[in-house]
């Protein structure tokens, strides 16, 4: 064992630095094994793939050797919320316990920082949708005068999807760079400078991938200096990487360009009269295109979209309107850096639109999705996708899929590569650094083949540390009997009927996780008016909904796939997790459909090699919401009958913690009767 591994284990042992200085710290053998493996990978500049079940303490396990090594380390985590928690809470605790005076920095993408130039532009505009929005803007102005970091997360009252955010932050598209009059005061520049000088830098996957994909989020110059990378929540990386190594454009992006063109006119006399007409043409073309797309499914391939003449014509009209706007602004580019940037943005959007509209025709083979039936069963059997020969040709070239997605008031068009393992591997090898990939949900049936292939890892060092919690004592897995097949019309009603006795036994305190928004709405309607307060995804921002759920004491939280992660409720407030269906990916996802076909054409089995492993990892994420501490107790309810009547159900169960299993509601009632007695005692 290396000296770094020994020192890391000692720091996390009984009587070690963390036990001596952190209240409530408990030495855990699994954590010590993990920290030793991380230390060895750092010292040897190797790749480590490590699953650490809930309760292992993986954050401390990788922070300790990272700090003790003295090497420049980049830690990337899944979300900005986790990034803030890691930087503001976990890292200071470990640093102080170890007595290490290392320099640390928090770095986010530029859209997370206040842009003084755009704030000034917005102040001069004065167009707000409501008095509340105007009042919120004034609070931003007041905060801008006192903030030191410019991190928009400091504005806790500002929702993540606030329409004010694009007005006061910059993107790669609209940043003026060194031409900006506020360059010397730029919060993004200052954050980069702190990161360059730091020993440990905390980022998120979006920022890391943006720069690996050369999207120039301002982090690229720091990457070459790093000697170790820790990728926490690593199971998220392949899906995120696919979007970053692709290319896209959207309605909102074009609308923001149009708005910025008009805002720039204030700086140049007579510009409004010249620009206003072309801007209005762009806005009208977008509205007409979006209206034409109403005839389309919410998600689909380019092929599907362009078969509608109104949609195909609509894209042509938008492209022409953008080109006209670009040409109109070209003479104005010399009058201000802002106009020059708008010209470049318009040109780039035209090129992206044309590449999406006219790009690799063979990729349209990934077009027509199978009928909206259970691809799960189809892929396990004989089913063949459409356009097989062209699919095979595209898969042989590496494969991309061109697709669109509709939102309530907009659309997005995207080109997505089907396999990102090669670019991920190239960037990793070029760095010559240690890479640690860790998460609570990486292994499938005890193996790492699936995630390793997606990350481009060949024969990495691996470590599987199950959750150290006493699942046999702390938890019970209930499999209700006599539920219909999950694709039957009355499944959700029957599932709620089966769950009601569980909620009665637990007194609410439950999280119900649904495979679709339709099932979520149906369940919410069925439970409405019951004895438990309901907290339904979409009613409020996620953080607010979770806060109210925790405080209720007996609430029932209902969420969809996006709630599988980030629901961290310890203690009695969450004592039941209900999962309605095994979380196989939706069959209407054009990217997933194309991946399945590519697997088949390579001679693999799409169900075994792609659908099943992905669903297992997703299920593990949901199950992980149940037991968060050594004192938690709870019941997992798996309602999908396929868990017991299909052969692949064993793979799911083998990948979960070792629960006590029951099919009797009486055992659930007894479990909670015992729990309540323990709590009362």
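The values are calculated or read from the model by the stated rules, or taken from the named source; none is laboratory data. On a predicted model such as this, the values are computed, not experimentally measured, just so you know. Backbone-built Cβ (ideal geometry, glycine too); neighbour counts: all protein chains shown.
Listed here are the residues, each with its yes/no results for (1) free of Cβ contacts under 8 Å to residues at least 40 places away in the same chain; (2) more than 19 Å from residue 189 (Cβ to Cβ); (3) in contact with a strand residue (DSSP E or B) (Cβ under 6 Å, 6 or more places away or on another chain).
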{"residue": "62", "(1), (2), (3)": "no, yes, yes"}
{"residue": "65", "(1), (2), (3)": "no, yes, no"}
{"residue": "85", "(1), (2), (3)": "yes, yes, no"}
{"residue": "98", "(1), (2), (3)": "no, yes, no"}
{"residue": "122", "(1), (2), (3)": "no, yes, no"}
{"residue": "131", "(1), (2), (3)": "yes, yes, no"}
{"residue": "141", "(1), (2), (3)": "yes, yes, no"}
{"residue": "153", "(1), (2), (3)": "no, no, no"}
{"residue": "167", "(1), (2), (3)": "no, yes, no"}
Quick check: anything in the range 464-476 closer than 30 Å to residue 39 by Cβ, touching a residue at least 24 places away in the same chain (Cβ under 8 Å) and in contact with a strand residue (DSSP E or B) (Cβ under 7 Å, 6 or more places away or on another chain)? yes
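Look at the range 153-181 and say how many of its residues are out of contact with any helix residue (DSSP H, G or I) (no Cβ under 8 Å at 6 or more places or on another chain) and either in a helix (DSSP H, G or I) or under 13 Å from residue 110 (Cα atoms) (or both). Let's see the steps before the verdict.
Kept after step one, since they are out of contact with any helix residue (DSSP H, G or I) (no Cβ under 8 Å at 6 or more places or on another chain), are these residues of the range 153-181: 156, 159-161, 178.
Add one more test, that the residue is either in a helix (DSSP H, G or I) or under 13 Å from residue 110 (Cα atoms) (or both), and what stays is 178.
Residues meeting the conditions: 1.
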Which of the helices (runs of 4 or more DSSP H) contained wholly in the range 600-681 include at least 3 residues that are more than 32 Å from the chain's Cα centre (by Cα) and at pLDDT below 90? 665-680
Scan the range 472-480 and tell me whether some residue there is surrounded by fewer than 22 Cβ atoms within 10 Å (Cβ to Cβ) and over 27 Å from residue 612 (Cα atoms). yes
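Would you say residue 39 is free of Cβ contacts under 8 Å to residues at least 24 places away in the same chain and in the same structural domain as residue 447 (by TED's automatic domain parsing)?
It is false that residue 39 is free of Cβ contacts under 8 Å to residues at least 24 places away in the same chain and in the same structural domain as residue 447 (by TED's automatic domain parsing).
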Within the range 8-48, count every residue that is crowded, with 19+ Cβ neighbours inside 10 Å and more than 19 Å from residue 465 (Cβ to Cβ). 1
Taking the condition of being surrounded by 23 or more Cβ atoms within 10 Å (Cβ to Cβ) and under 23 Å from residue 523 (Cβ atoms), how many residues in the range 584-596 meet it? 1
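Name the helices (runs of 4 or more DSSP H) wholly within the range 78-152 that hold at least 2 residues that are over 21 Å from residue 181 (Cα atoms)? Talk me through it step by step, then tell me what you get.
Working: elements: 80-85, 91-98, 116-125, 131-144.
The helices (runs of 4 or more DSSP H) meeting that bar are 80-85, 91-98, 131-144.
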Scan the range 495-509 and give yes if some residue there is part of a loop (DSSP other than H, G, I, E, B) and either out of contact with any helix residue (DSSP H, G or I) (no Cβ under 9 Å at 6 or more places or on another chain) or crowded, with 20+ Cβ neighbours inside 10 Å (or both), otherwise no. yes
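Answer with yes or no whether residue 519 is in a helix (DSSP H, G or I), in contact (Cβ under 8 Å) with a residue 24 or more places away in the chain, out of contact with any helix residue (DSSP H, G or I) (no Cβ under 8 Å at 6 or more places or on another chain) and not assigned by TED's automatic domain parsing to the domain that holds residue 80.
Answer is no for this residue.
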When you scan the range 541-561, do you find a residue that is under 24 Å from residue 414 (Cβ atoms), touching a helix residue (DSSP H, G or I) at 6+ places or on another chain (Cβ under 6 Å) and either buried (at least 20 other Cβ atoms within 10 Å of the Cβ) or assigned by TED's automatic domain parsing to the domain that holds residue 637 (or both), even just one? yes
What is the residue count in the range 1-55 for residues that are more than 22 Å from residue 431 (Cβ to Cβ) and in a loop (DSSP other than H, G, I, E, B)? 16
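Please pick out the residue among 346, 394 that is modelled with pLDDT of 90 or more and surrounded by 17 or more Cβ atoms within 10 Å (Cβ to Cβ).
Working: 394 fails: modelled with pLDDT of 90 or more.
Answer to the check: 346.
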